[in-house]
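For reference, the structure discussed in these notes is given below.
The values are calculated or read from the model by the stated rules, or taken from the named source; none is laboratory data. Owing to the predicted nature of the structure, the values given are computational and were not obtained by experimental measurement. Cβ coordinates were reconstructed from backbone atoms using ideal geometry, including for glycine residues, and neighbour counts include every protein chain displayed. Quick note on the areas: whole protein, heavy atoms, side chains included, nothing else; ligands and nucleic acids left out. Shrake-Rupley method; radii C 1.70, N 1.55, O 1.52, S 1.80 Å.
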Amino acid sequence: MVQTTTSQTESRPTPTIEDYLAVIYVMERDEDEIIAARLAESLEVAPPTVTVTLKRMERDGWITIRPRTSTTKKTGRAGEQGKNIRLTRKGCEAARSVIRRHMLTEWMLARMLKVPWSRVHAEADQIEHTISDEIETQMRTNLDDPQLCPHGNPLPGYEHLAADWLALTGVLLGEKVIIRRIHETAENNHELLEFLETNGIVPGAAAEVVEVLSFNQTVSLRLGKKNVALGFPIAKYIFVEKVT
Ligand SMILES: [Zn+2]
């Protein structure tokens, strides 16, 4: 009989908890505040489910939940809105582990199986939980130790690489840019990824900002001979490097 599980994968959180940990890690990294309502949206589950799962995660030592005193008094709300959610050290390590496995899987699907760029994220979401540490190491070596995922998001430990990239909403008319990153939050929107891929708005592409209409909340890019208009709610998740 073949032993398929190893002790190290058994000590990992369940796939559901791994998904929560990864989303919490990104929120903590970028916004320094974990909002339960945003978690529910991001994970596509009902808010009461999030509340129950967060309590279980606290019990199992993945996160801490503390009352956020001033906010709680001001809003008078008892829910997670008034709570301060933080990853524990163990939670942070588990989050980094699943994010790494996710991003390596994306590269494996893209490079070896030629899965389209817009699909690798969703496919990797299914596979990431089953990869052992040993396979992860082999993937790293075989994929030449990537520091960014195919969407330009940094692997844990390489966040500094993305530090100087600007959101497209902060770029001025006439500026020339290189597309560097489609933020993790936008990766869950498959229709959006397909649109970006079809229009060549992928990491490494050169573009010029040819129109900014603040009243209309749009920014237009020229890529080659094509112009593409993006709404600010999307543009804020696209990061670029200015060409000087
Ligand atoms: Zn990605």
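Spin-label model, Glu134 to Arg66: label points 7 Å out along the Cα-to-beta-carbon direction sit 4.1 nm apart.
Here the Karplus curve 6.51 cos²θ - 1.76 cosθ + 1.60, taken at θ = phi - 60°, turns the phi angles of the stretch 94-109 into couplings of 5, 5, 4, 5, 6, 5, 4, 4, 4, 6, 5, 5, 4, 5, 4, 5 Hz, with x standing for Gly and Pro. Annotation for Thr14 and Phe232: the two label points, set 7 Å from Cα along the Cα-Cβ direction, are 4.1 nm apart.
Taking the protein heavy atoms of the chain in the context of the full set of protein chains, the accessible area attributed to carbon and sulfur is 53 percent at 1.4 Å. Subtracting the Cα-Cα distance of Leu172 and Arg111 from 0.36 nm times their residue separation leaves 18.5 nm of extension gain.
Where Rh denotes the Kirkwood radius from the mean inverse Cα pair distance, what is Rg over Rh for the chain?
Numbers: Rg = 19.6 Å, Rh = 19.5 Å.
Ratio of gyration radius to Kirkwood radius: 1.00.
Each part reduced to its alpha carbon centroid, the stretch 157-189 and the stretch 213-232 end up 15 Å apart. Stretched out straight at 0.36 nm per residue, the stretch from Val45 to Tyr158 would grow longer than its current Cα-Cα span by 37.7 nm.
Arg29 to Phe215: FRET efficiency via 1/(1 + (r/R0)^6), r the Cβ-Cβ distance, R0 22 Å, to the nearest 0.05? That gives a FRET efficiency of 0.10.
At a threshold of 8 angstrom on Cα-Cα distance, excluding pairs fewer than six apart, so keeping six or more, what relative contact order does the stretch 105-172 reach in percent? Relative contact order here is 27 percent. Protein heavy-atom accessible surface, 1.4 Å probe, per residue over the chain: 54 Å². Could you work out which residue, out of Ala207, Ala94, Ala40, moves most in a Gaussian network model of the chain, that is, has the largest mean-square fluctuation with Cα springs under 10 Å? Of Ala207, Ala94, Ala40, the Gaussian network model singles out Ala40 as fluctuating most.
Packing around the peptides 146-159, 51-64, taken as the average count of other Cβ atoms within 10 Å per residue, puts them in this order, highest first: 146-159, 51-64.
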